[in-house]
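See structure below.
The values are calculated or read from the model by the stated rules, or taken from the named source; none is laboratory data. Bear in mind the structure is a predicted one, so any value in this text is a computation, not a measurement. Glycine gets a Cβ as well: all are built from the backbone with ideal geometry, and neighbour counts include every protein chain shown.
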Amino acid sequence: MAETNYPPIKMRGPVGKPIVRKSGREKVSGKATFTAEWPIDGLLHAVPVPSTIARGKVVSIDASEAKQMPGVRFILTPDNVPDFERVASGSETGFETSIASSIYPAAEKEVFYAGQYIAAVVADTFETARDAAMQVKVKYETTDHVTDIDQAPADERPGDVFGEPPVITINDAEAALHAAEVVIDEEYPTHMNHHNPMEPHAAIAHFTEKDEKPFLTVYETSQSISVAQTSYAKVMQLNAQQVRVICKYIGGAFGSKGLTWPHALLACFCAKVANAPVKVVVSRSQMYGGTGHRTPMRQRVAIGCSKEGHITSLIHEGTATVSRKENYVEAFTLPTRMMYDTQTLRLAQRQCRLDTQLPTFMRAPPETPGMFVLESAMDEMATKLGIDPLEFRIRNEPQKDIHKNKPFSGRYLVECLRQGAKEFSWHKRIAEPRSQREGSWLIGYGVASSTFPVNGFPTQARITVRDDGTAEVACCSHELGTGTATVQSQLLADLLDIPAGRVSMVLGDTQLPPGGISGGSSTTHSLGSAVSDAVEQLKKKLIDSAPKNSFLEGKSPKDIQFQDGHIIHGQDKLRLEDFLAEINRASIVVVGKFDGGEDSPTSNHSYGAQFVEVAVDEDFGIVRLRRMLACFACGTLLNAKTARSQFMGGMIMGVGHALQEATHWDHRLGRITNDNLSEYHIPVNADIPAVDIMWIDEPDFNASPIGAKGIGEIGITGVSAAIANAIYNATGRRCRELPITLEKVMA
């Protein structure tokens, strides 16, 4: 296999180097323990009984046949569910709780969506529980349902959009649109998507006693175990100190494991009744009705421009769906607030209620659908103006964030567009559609901008420096497969200026210092900022612990440096191990904190530019990707290898969003019809062409103390628009509805 050539990163020590993930060997050898694999004595298995109707009431549950099957312990129903406290969902509390839904498993007699957990079978083996669950007979009283966004009742305004009004206006955008010299005004439908991580969701719950009080241990596939700990405690009527949540590895999540879904609460309910550990593993089919989805949307973008190509009006509005009972906001207008230069802006969010499960985060939740629409519209306007779509974007580069009225920090979008265009040979693009062909294949180029905000969550990191020259980072953060332990070890090694191989990390356990949710591309910079603060706390502790007459005595932390494993002050230096020997300590421990960084004086985002070449079969409408290239600006990249993998993974997921992924329904029954990986199409190796990735290595210390920004989601943003724009350049057909399947290309 050819060695990957990584773009340059300014490096002093371990930071930036393409170090292989520490967990890689454990995973490929099968030694890594995922949630469903914990070996626990006396483990029972629970399988939920899902509703087969979309709306109505449970009239009766006949479990007589299931109870007679050998190995069945009991059937959990609303009649014997243990006492619990109903806690508001995360979407209703600003995510102060991790509860995904206020519709609790095996506890409701009202049915709100197909797939809702009506009951559960607990048995000695999974196979017995599964077979018995199929024998549970439920009678319903049905009510008319609606699962089609185009048949939904009247729209309503959400209460707020991330703490802001659902309608934002700057001057009169509609009037400016009518007065504009050139106008485009189009609607863009997108379909429901499901996450499909490699690892299915799972949970194991076990009640024991500790200090003569009940103690709950939960093993869960979770991106937010700190918040989950307090949420389990509230629901199960315990103190947070009586709950421990463990998640050492996650086999992919993409947002679907950010909250505590009904299966995890079901494990707790069953474990309490059984007085034994109980495991629930969600089947692939159940993941389509039990762990959230990306909402379908209907969006409108209208742009008014001068003939010279300056935006005079920008309108972005639309409708997303929520469930019948609960609220969740897919803030698809979010990137439009700051992306381009305009003095008149209108953003408006609406929602409609369907008889489906509540939507949730899915990789770049607002930006993926929002940027598809905005960047498609930008391409349409550029075409109408007769301006190169890349130059049209550059021409409308803003000087400040007009919505927040703040200056930008580290905004290198123009540089990404220009450098990406040069590497991609954008100058070879022919503006007139259908101008390039190879036999029956029409060739087209497309471009789109990418962006994602810098998000942060309060996080603590404990670092331990030992007398053998090693160090450790500890935080109850998460290993989603992104290389968190590797990257944070590199960062600490860099800050202490010691080899990365001497640093390790422990995570995934609420007995460690609390961490934020591993979502919103926040983990690296939130945890890294806490690690950076911990090193500053280490300097203070070294000074406070210094023996009398030490060169550290009475010194200021800002004057202390670390170099080659030594403590440095001016011309004086001492190895860390020797310092510990002097004070007769085997180790020294400190905790650093990061407050989330919400009060920044600047508008902080990551940026990128996506370039795509497609070939479209003129006779059959088949779309083939031939090349993909992206250039990103995301501050300091702590590991070139893991960064490239994150960017590439996002870009590949964007291909699915553009060309393949859609959840299909039988709206007569209110049920999903392609709830499996055979019929829910996602990209495979044969779908992905050569992928080139570049980046601009410029730290952004306004965005975070370590100069880093999030990279987990920006890779997907803009991809679907770049593909749609390339298809237009190839065929002259504008595809505004996702996914772009061959019948839409041929329509």
Practice prompt. Determine the pairs where a residue that is crowded, with 19+ Cβ neighbours inside 10 Å, located within segment 659-671, has a partner that is among the small types (Gly, Ala, Ser) and part of a loop (DSSP other than H, G, I, E, B) with Cβ atoms under 6 Å apart, the partner being 6 or more residues away or on another chain.
Written response: Gly670/Ala54; Gly670/Ala114; Arg671/Ala114
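Would you call Gln561 farther than 21 Å from Gly710 by Cα, modelled with pLDDT under 95 and surrounded by fewer than 24 Cβ atoms within 10 Å (Cβ to Cβ)? Let's see the steps before the verdict.
Working: farther than 21 Å from Gly710 by Cα: yes; modelled with pLDDT under 95: yes; surrounded by fewer than 24 Cβ atoms within 10 Å (Cβ to Cβ): yes.
Here the answer is yes, as Gln561 does meet what is asked.
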Worksheet item: Within segment 501-510, is even one residue in contact with a strand residue (DSSP E or B) (Cβ under 6 Å, 6 or more places away or on another chain), modelled with pLDDT under 95 and not hydroxyl-bearing (Ser, Thr, Tyr)?
Response: no
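May I ask you to verify whether Val612 is touching a helix residue (DSSP H, G or I) at 6+ places or on another chain (Cβ under 8 Å), assigned to a strand (DSSP E or B) and either at pLDDT below 95 or crowded, with 22+ Cβ neighbours inside 10 Å (or both)? Show your work before the answer.
Numbers: touching a helix residue (DSSP H, G or I) at 6+ places or on another chain (Cβ under 8 Å): yes; assigned to a strand (DSSP E or B): yes; either at pLDDT below 95 or crowded, with 22+ Cβ neighbours inside 10 Å (or both): yes.
Taking the combined requirement at face value, the residue satisfies it.
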Discussion item. Suppose we keep only residues that are assigned to a strand (DSSP E or B) and of a type outside the set (A, V, I, L, M) within segment 211-239. Which one would you say is nearest to the chain's Cα centre (by Cα)?
Written reply: Glu220
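Search segment 279-321 for residues being among the hydroxyl-bearing types (Ser, Thr, Tyr) and within 22 Å of the chain's Cα centre (by Cα), and hand back the single one that is surrounded by the fewest Cβ atoms within 10 Å (Cβ to Cβ). Spell out the reasoning first.
Applying the first criterion (among the hydroxyl-bearing types (Ser, Thr, Tyr)) to segment 279-321 yields 283, 285, 288, 291, 295, 306, 312-313, 319, 321.
Retained after the next criterion (residues that are within 22 Å of the chain's Cα centre (by Cα)): 283, 285, 288, 291, 295, 319, 321.
Details: Ser283: 16, Ser285: 14, Tyr288: 26, Thr291: 27, Thr295: 29, Thr319: 22, Thr321: 24.
Among residues in segment 279-321 that are among the hydroxyl-bearing types (Ser, Thr, Tyr) and within 22 Å of the chain's Cα centre (by Cα), the one surrounded by the fewest Cβ atoms within 10 Å (Cβ to Cβ) is Ser285.
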Discussion item. For segment 637-658, which positions are polar (S, T, N, Q) and crowded, with 24+ Cβ neighbours inside 10 Å?
Written reply: Asn639, Gln646
Worksheet item: How many residues, within segment 682-693, are more than 20 Å from the chain's Cα centre (by Cα), in a loop (DSSP other than H, G, I, E, B) and more than 24 Å from Ala633 (Cβ to Cβ)?
Response: 1
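Identify, from the list Ser222, Ser231, Ser256, Ser226, the residue that is in the same structural domain as Phe95 (by TED's automatic domain parsing), in contact (Cβ under 8 Å) with a residue 24 or more places away in the chain, more than 28 Å from Ala114 (Cβ to Cβ) and buried (at least 24 other Cβ atoms within 10 Å of the Cβ).
Every option except Ser226 fails the conditions.
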Worksheet item: Name the residues in segment 694-747 that are assigned to a loop (DSSP other than H, G, I, E, B) and within 20 Å of the chain's Cα centre (by Cα), would you?
Response: Ala703, Ser704, Lys709, Gly710, Ile711, Gly712, Glu713, Ile714, Gly715, Ile716, Thr717, Gly718
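Name the one entry in Leu574, Leu538 that is hydrophobic (A, V, I, L, M, F, W, C) and over 38 Å from the mean Cα position of the chain (by Cα). Full working, then the answer.
On the way: Leu538 fails: over 38 Å from the mean Cα position of the chain (by Cα).
That would be Leu574, the only listed residue that is hydrophobic (A, V, I, L, M, F, W, C) and over 38 Å from the mean Cα position of the chain (by Cα).
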Discussion item. Among the residues in segment 240-263, are any on the phi < 0 side of the Ramachandran plot, among the aromatic types (Phe, Trp, Tyr) and assigned to a strand (DSSP E or B)?
Written reply: no
